[in-house]
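See below for the structure under consideration.
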Ligand code: TXA
Ligand code: MG
């Protein structure tokens, strides 16, 4: 099929801009759209065939439930049974925004949308294009992240085109997602309430509303062979992984830098091109030390057929928001350039660092070297 790609300017949009997207959604077809976290692949949440199409387009296992997106808190009582007081307290503080809540589903939500579960995940996004799309369609929109299953999530329309062009009816291009990591997911059906996926809304922020909230054990998992299984079905699959082999190093900054340099030089001397996922603070030292012996590029391919290091700055250790915003884009960039080995740094695991490390550890397939 031909995928219609349409740019919409959030500062200057009209109902007319959404006409095709609304027609597709009402017809049970699929439209990818920007949110403040990542791009979503949307379909009518009430339509089981739309959900089936979402799974097929992504190549996603159909036991992995979708998030239902709404634009009005009043929808909660229609889509969920027995909405707990905590849900309204969280919504009051964090909606619209990057928080997803799991509750008991109402009968109007088909089990195809929830991967067969009796619970449903609900989120009210803050992105103006996402909100307007939901309002114009007059439907709750089921949307997973708009990437091919297993690949890093998409934070730009170009990423969605890479993964889904020809597989869905439409992509709305609304520029880059600000946050860059998927929403925080909390499960309100258990006591104490659990965080199933860390995100921009941190445990520190959530404790202000729910003081006894805890992480699902799988969130902090660091060992591949650990028997802990994630409670969010989607968190148990191989995920976010670049095509190249990613290894991350953990320890004192000085040791981490030396370990990245050593691993890089070793692969270069074996004839491989190497990618470094660098913090802004370390990038300069990587460049000056590696460039003594090898070609180093900031971007692009040197075309000389000799090994080189490609150093990509993911963000600043002093400003974790920059790392969150760029992480998936940089991982995709290494793929686009066919880099076989990628080495990177670990970051402190508190606040937004919990979400960054959760994604990075999975992207590395739990390959963490302690140094
Ligand atoms: O930021 C986001 O949440 C993005 C944007 C598009 O809103 N969406 C997103 O959806 O990340 P997705 O499908 O990639 O991730 C949803 C996660 C999966 O890990 C899924 O297993 C989990 O939420 N999930 C959904 N419904 C659930 C439920 N009823 N119980 C447990 N986990 C659930
Ligand atoms: Mg996803």
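Overview of values
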{"quantity": "From the options 183, 176, residue that is within 11 Å of ligand 1 (Cβ to nearest atom) and either within 16 Å of the chain's Cα centre (by Cα) or farther than 22 Å from residue 359 by Cα (or both)", "calculated": "183"}
{"quantity": "Filter result for residue 112 (out of contact with any strand residue (DSSP E or B) (no Cβ under 8 Å at 6 or more places or on another chain) and farther than 27 Å from residue 229 by Cα)", "calculated": "no"}
{"quantity": "Criterion (within 16 Å of ligand 1 (Cβ to nearest atom) and out of contact with any helix residue (DSSP H, G or I) (no Cβ under 7 Å at 6 or more places or on another chain)) met by exactly one of 329, 335", "calculated": "329"}
{"quantity": "Test: residue 121 is part of a helix (DSSP H, G or I), within 30 Å of residue 81 (Cβ to Cβ) and either free of Cβ contacts under 8 Å to residues at least 12 places away in the same chain or within 16 Å of ligand 2 (Cβ to nearest atom) (or both)", "calculated": "no"}
{"quantity": "Condition check for residue 323: buried (at least 23 other Cβ atoms within 10 Å of the Cβ) and touching a strand residue (DSSP E or B) at 6+ places or on another chain (Cβ under 7 Å)", "calculated": "yes"}
{"quantity": "Residue check, residue 223 surrounded by fewer than 16 Cβ atoms within 10 Å (Cβ to Cβ) and in contact (Cβ under 8 Å) with a residue 60 or more places away in the chain", "calculated": "yes"}
{"quantity": "Single match in 62, 149 (criterion: within 13 Å of ligand 2 (Cβ to nearest atom), more than 29 Å from residue 212 (Cα to Cα) and in contact with a helix residue (DSSP H, G or I) (Cβ under 9 Å, 6 or more places away or on another chain))", "calculated": "149"}
{"quantity": "Every residue from the range 224-253 that is at positive phi and within 16 Å of ligand 1 (Cβ to nearest atom)", "calculated": "240"}
{"quantity": "Filtered residues of the range 125-153 (kept if out of contact with any strand residue (DSSP E or B) (no Cβ under 7 Å at 6 or more places or on another chain) and within 17 Å of residue 184 (Cβ to Cβ))", "calculated": "126, 127"}
{"quantity": "Which listed residue, of 256, 214, 260, 219, is within 16 Å of ligand 1 (Cβ to nearest atom), touching a strand residue (DSSP E or B) at 6+ places or on another chain (Cβ under 9 Å) and farther than 23 Å from residue 114 by Cβ", "calculated": "214"}
{"quantity": "Residue list for the range 223-268, restricted to those being within 22 Å of residue 65 (Cα to Cα), touching a helix residue (DSSP H, G or I) at 6+ places or on another chain (Cβ under 9 Å) and in a helix (DSSP H, G or I)", "calculated": "235, 236"}
{"quantity": "Residue list for the range 132-152, filter: closer than 16 Å to residue 57 by Cα and surrounded by fewer than 20 Cβ atoms within 10 Å (Cβ to Cβ)", "calculated": "148, 149, 150"}
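Every number in this text was worked out from the coordinates using simple rules, so none of it is lab data. Remember, it's a predicted structure, so these values are computed and weren't measured experimentally. Every residue, glycine as well, gets a Cβ built from its backbone with ideal geometry; the counts of neighbours run over all protein chains shown.
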